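What follows is a single structure, written as structure tokens, with notes after it.
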Amino acid sequence: MASLSFPITTTAFVILLLSLTSNVFNNSAAKHSHSSSVKGIKNPRLQKAYIALQAWKRVIYSDPNNFTSTWVGPSICNYTGIYCAPFPNNTKLQVVAGIDLNHADIAGFLPEELGLLNDLALLHLNSNRFCGILPLSLSNLTLLHELDLSNNRFVGPFPNVVLSLPSLKYLDLRYNEFEGPLPPPLFSKDLDAIFVNNNRLTNVIPSNLGSSSASVVVFANNYFGGCLPPSIANFANTLEELLLTNTSLSGCLPPEVGFLYKLKVLDVSNNKLAGTIPYTIAGLAHLELLNLAHNMFSGTVPEGICVLPKLSNFTFSYNYFCEEQGICSNLNSKGIVYDDRRNCLPEKPLQRSKKDCDTVDEHPIDCLAFHCGT
């Protein structure tokens, strides 16, 4: 599997983000009213940050690694996990530009006062035990560029508050307990990466899916059902990785998938997809990994896919394919890792029984005549 990790953001990157978004600083005032001064802190922006961080510390119930033990006193920029940078409109003024508590194993929730941190460019809370719902006050974080809440215990419907963040580029909500449908406006945002895998999301994938400009989209291990919308073709100019494994998809894989000419990773394994492989996939010259395993595909594995120049891993086991064209029957000779077990390939070992294969062969699916929802 190709790596989906993004580089760790450095302090220099935080400063860069602030400089790129300085034009919206004047519109990012918090909606809370608090005392105009905090003892020992003259900087008004750090005063608000102090109030927010102290409120947060009060609702942290477990901190086994003592990350927040340093959150004492007026020297906010020395707090563990807190990163300051110069305010673009006044470089002599420091602001809290980043929070990185990844892998801190902290338990607690996010208080409304976090909306006071309206200079934040990144908020990384990966691998903790934060729970509850996201406060609506997060909408004040108009400079937020990266939001990583993955591997926590957040609940409730998809947090629509993230849709109100105008500078957001990276959204990671995976491994939580969010449920219900994905809101279509999610795909109207100018996001570079969308990770919502391993939640409890349901309903079908919105039909405006391809309206986003993301390069990575991961929906795996949810309960969507329905078809992959043909609008996926609108991702053509940006999408490089699409992971839809175990999302209860059904119907045929739309030929529009083959229009995603930048695609490097396509994983639709562990679904209920049927019919033949769209031959348009043979045009994906950058494709490195293709996983079609554990579906109900049938027909022929086309040689055009097996000779793709960058293909290194092709898994199509646990389907009903009856023929491998040309080199597809011996991809090891090309140095390609592949798995063709449990199909209906007469010359290969470890295949399905004739009875299972005949059942599918007697009821072929014509994907050219198939329409989503029929």
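Things to note:
- Looking across region 313-334 at every residue that is open to solvent by 60 Å² or more (accessible area, probe 1.4 Å) and either in contact with a strand residue (DSSP E or B) (Cβ under 9 Å, 6 or more places away or on another chain) or in a loop (DSSP other than H, G, I, E, B) (or both), the one that is nearest to Leu284 (Cα to Cα) is identified as Gln325.
- Positions within region 157-193 being out of contact with any Phe, Trp or Tyr (no Cβ under 7 Å at 6 or more places or on another chain) and of a type in the set (D, E, K, R), in sequence order: Lys169, Glu179, Lys189, Asp190
- At least 3 residues being over 19 Å from Asp267 (Cα atoms) is the threshold, and among the strands (runs of 3 or more DSSP E) wholly inside region 153-221 those reaching it are 153-157, 177-180.
- Subset of region 254-274 [without any contact (Cβ under 8 Å) to a residue 60 or more places away in the chain, in contact with a strand residue (DSSP E or B) (Cβ under 8 Å, 6 or more places away or on another chain) and open to solvent by 10 Å² or more (accessible area, probe 1.4 Å)]: Asn271, Lys272
- Residues in region 353-374 that are under 35 Å from the mean Cα position of the chain (by Cα), of a type outside the set (S, T, N, Q) and open to solvent by 50 Å² or more (accessible area, probe 1.4 Å): 9 in all.
- Considering only residues in region 201-212 that are out of contact with any helix residue (DSSP H, G or I) (no Cβ under 7 Å at 6 or more places or on another chain) and open to solvent by 40 Å² or more (accessible area, probe 1.4 Å), the one that is nearest to Ser150 (Cα to Cα) turns out to be Thr202.
For (1) closer than 18 Å to Ile205 by Cβ; (2) under 20 Å from the mean Cα position of the chain (by Cα), each residue gets a yes or a no:
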{"position": "Ala220", "(1), (2)": "yes, yes"}
{"position": "Asn234", "(1), (2)": "yes, yes"}
{"position": "Thr238", "(1), (2)": "yes, yes"}
{"position": "Thr245", "(1), (2)": "yes, yes"}
{"position": "Leu253", "(1), (2)": "yes, no"}
{"position": "Lys264", "(1), (2)": "no, yes"}
{"position": "Leu273", "(1), (2)": "yes, no"}
{"position": "Leu287", "(1), (2)": "no, yes"}
{"position": "Ala293", "(1), (2)": "no, no"}
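- Residue in region 185-200 that is open to solvent by less than 20 Å² (accessible area, probe 1.4 Å), in contact (Cβ under 8 Å) with a residue 12 or more places away in the chain and more than 14 Å from the chain's Cα centre (by Cα) present: no
- Every residue from region 229-242 that is surrounded by 22 or more Cβ atoms within 10 Å (Cβ to Cβ) and touching a residue at least 60 places away in the same chain (Cβ under 8 Å): Glu241
- Residue check, Glu288 touching a helix residue (DSSP H, G or I) at 6+ places or on another chain (Cβ under 8 Å), closer than 27 Å to Ala236 by Cβ and of a type in the set (Asp, Glu): no
- Among residues of region 292-312, those that are of a type outside the set (Gly, Ala, Ser) and open to solvent by 30 Å² or more (accessible area, probe 1.4 Å), counted: 7
Quick grid of which residues meet (1) in contact with a strand residue (DSSP E or B) (Cβ under 6 Å, 6 or more places away or on another chain); (2) over 28 Å from Cys367 (Cα atoms); (3) crowded, with 18+ Cβ neighbours inside 10 Å:
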position	(1), (2), (3)
Pro159	no, yes, yes
Leu171	yes, yes, yes
Val218	yes, no, yes
Cys227	yes, no, yes
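The values are calculated or read from the model by the stated rules, or taken from the named source; none is laboratory data. In this text the structure is predicted, and so the values were computed from the model without any measurement. Here Cβ is always computed from backbone atoms with ideal geometry, including for glycine, and neighbour counts include all displayed protein chains. These area figures cover heavy atoms from the full protein model, side chains too; ligands, DNA and RNA do not enter into them. Shrake-Rupley method; radii C 1.70, N 1.55, O 1.52, S 1.80 Å.
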